[in-house]
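Undergrad: Below is one structure. I have some questions about it.
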Amino acid sequence: MSRSLFLKAIQRQNTSGPVAFGSGTSIACHEIMQQVGATFPAGHTYPEAMFKIALAGHTLVGLDVVMPLFSVCHEAAAMGCRVNWGAPDMMPESGPAIFQTSNDIRIPADLLVRPGCAVPLQALAMLRKELGEAAAVCGKVIGVWTQAYHYFGLEEFLIKTITEPDEVKRILEQLIPVVVQFARAQLEAGADCLLLADHATRDLCSPRTYEKFLQEIHAYLVETIPVPLILHICGNTADRINMIDRTMVACFHYDTKAGAPETVRKLAGERLALMGGINNIRLLQDSPDEIATQATAAAAAVIDVIGPECAIPLGTPLANLQAITAIKN
Ligand SMILES: [Zn+2]
């Protein structure tokens, strides 16, 4: 069954068995939304719409996992940012900064019942009930680094990493409970595993910065959250895959900028499971046959879970998504 296949794959428990298919980031595209009769922005703000779009990842695309949090703004909304939930062809955006210093950070006592958190929690529970053993249900939490962009402003926060490293450490530490609380609530709602999305990409976070500010926090989250975590970092991460491995995270959802599947497999070593292998631009533009060739190459390089490298473009043809899982047969 897909659920156990996926959960074994993200922990490298059955590397000689059949490959799993999935993504920890959004698989929502216009064609899926049309077919299931639900669209954005409702897919971010109404549990039923979120449920329908996420479920299609299994029922229409054939993935072994579903994941209903399509944006990076749920925690931000619950923390008090003015989120613009977007439109059918526009992903959500968080509004202006809400904090200036670490002293301003307040985690609302009702964080989990605010719509930003409550909507995906309801959708996760619906997915769990609907799918049973048929597919794994993956939740998603946004890491402290990415959350800090929302609360302090991207540029302001990145400047602080250079001018006020101790303040940055305080900020990141104070945001850890947001991740842990939302993670625990998602597990209670029925998530089997969680994607931890932290945008510590090379152009915004050097390997030294990753080591200094984030490696320990990611290791702490792995230890504290009692289900397998899948870390997602966009961009070229070739220079930090060994640090990611040292956090003991179960699986790394990598961007193809990090290299060819066999290169990334070599960098990851034997313990760390890998997810991804399909380039997003090609997913948007290539033919189904070309996508199938990419998926086959990822399978040959022992990428444990084959799927898109990141949240897919909204214009992605459904036939291209289906071409990934078609290599199953
Ligand atoms: Zn990404």
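Undergrad: Which count do you get for residues in the stretch 100-115 that are under 14 Å from Ala78 (Cα atoms) and in contact with a Phe, Trp or Tyr (Cβ under 9 Å, 6 or more places away or on another chain)?
TA: Selection size over the stretch 100-115: 4.
Undergrad: Next question, about the same structure. Could you list all residues from the stretch 203-233 that are within 16 Å of the ligand (Cβ to nearest atom), assigned to a helix (DSSP H, G or I) and touching a strand residue (DSSP E or B) at 6+ places or on another chain (Cβ under 7 Å)?
TA: Passing the criteria: only His218.
Undergrad: Go through the stretch 225-239 residue by residue and tally those that are aliphatic (A, V, I, L, M) and crowded, with 22+ Cβ neighbours inside 10 Å.
TA: The qualifying residues number 4.
Undergrad: Also, quick follow-up: Residues of the stretch 234-251 being hydroxyl-bearing (Ser, Thr, Tyr) and within 11 Å of the ligand (Cβ to nearest atom), which ones?
TA: Thr237
Undergrad: Give the stretch 203-224 a look and list any residue that's surrounded by fewer than 16 Cβ atoms within 10 Å (Cβ to Cβ) and touching a residue at least 40 places away in the same chain (Cβ under 8 Å), or say none.
TA: Once the filter is applied, which keeps residues that are surrounded by fewer than 16 Cβ atoms within 10 Å (Cβ to Cβ) and touching a residue at least 40 places away in the same chain (Cβ under 8 Å), the stretch 203-224 yields Lys212, Tyr220, Thr224.
Undergrad: So, one more: Among the candidates Ala200, Ala191, single out the residue that is among the hydrophobic types (A, V, I, L, M, F, W, C), in a loop (DSSP other than H, G, I, E, B), within 16 Å of the ligand (Cβ to nearest atom) and touching a residue at least 40 places away in the same chain (Cβ under 8 Å).
TA: Ala200
Undergrad: Is there any pair with a first residue in the stretch 309-329 that is hydroxyl-bearing (Ser, Thr, Tyr) and a second that is part of a loop (DSSP other than H, G, I, E, B) whose Cβ atoms are under 6 Å apart and which are 6 or more apart or on different chains, and what are they?
TA: Close Cβ pairs (under 6 Å, with a partner that is part of a loop (DSSP other than H, G, I, E, B)) amount to Thr316/Cys29; Thr325/Gly62.
Undergrad: So if I check each of Ala258, Ala311, Ala298, Ala292, which one is within 18 Å of Lys140 (Cβ to Cβ), crowded, with 16+ Cβ neighbours inside 10 Å and not acidic (Asp, Glu)?
TA: The conditions single out Ala311.
Undergrad: On to the next question. From (1) under 18 Å from the mean Cα position of the chain (by Cα); (2) part of a helix (DSSP H, G or I); (3) among the aromatic types (Phe, Trp, Tyr), pick out the condition that doesn't hold for Tyr151.
TA: Result: Tyr151 fails condition (1) only.
Undergrad: Taking the condition of being in contact with a strand residue (DSSP E or B) (Cβ under 7 Å, 6 or more places away or on another chain) and surrounded by 24 or more Cβ atoms within 10 Å (Cβ to Cβ), how many residues in the stretch 41-57 meet it?
TA: 2
Undergrad: May I pose another question? Quickly run through the stretch 219-243 and pick out the residues that are touching an Asp or Glu at 6+ places or on another chain (Cβ under 9 Å) and more than 22 Å from Val137 (Cβ to Cβ).
TA: Within the stretch 219-243, Ile233, Cys234, Gly235, Asn236, Thr237, Arg240, Met243 qualify.
Condition check ((1) surrounded by fewer than 16 Cβ atoms within 10 Å (Cβ to Cβ); (2) at pLDDT below 95; (3) in contact with a Pro (Cβ under 9 Å, 6 or more places away or on another chain)) across all residues:
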| residue | (1), (2), (3) |
| --- | --- |
| Leu124 | no, no, yes |
| Leu131 | no, no, no |
| Ala134 | yes, no, no |
| Thr161 | no, yes, no |
| Glu164 | yes, no, no |
| Lys169 | no, no, no |
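Undergrad: Are there any pairs, at least 6 apart or on different chains, whose C-beta atoms fall under 8 Å, with the first in the stretch 261-286 and in contact (Cβ under 8 Å) with a residue 40 or more places away in the chain and the second among the acidic types (Asp, Glu) and assigned to a loop (DSSP other than H, G, I, E, B), and if so, which?
TA: Matching pairs, first to second residue: Ala273/Asp304; Met275/Asp304; Gly276/Asp255; Gly276/Glu309; Ile278/Glu309.
Undergrad: Here's something else I'd like to know. Right, Gly22: of a type outside the set (S, T, N, Q) and in contact with a strand residue (DSSP E or B) (Cβ under 7 Å, 6 or more places away or on another chain) or not?
TA: yes
The values are calculated or read from the model by the stated rules, or taken from the named source; none is laboratory data. For clarity, every value in this text was computed on a predicted model and none was experimentally measured. Neighbour counts run over all protein chains shown; Cβ positions are idealised from the backbone, glycine included.
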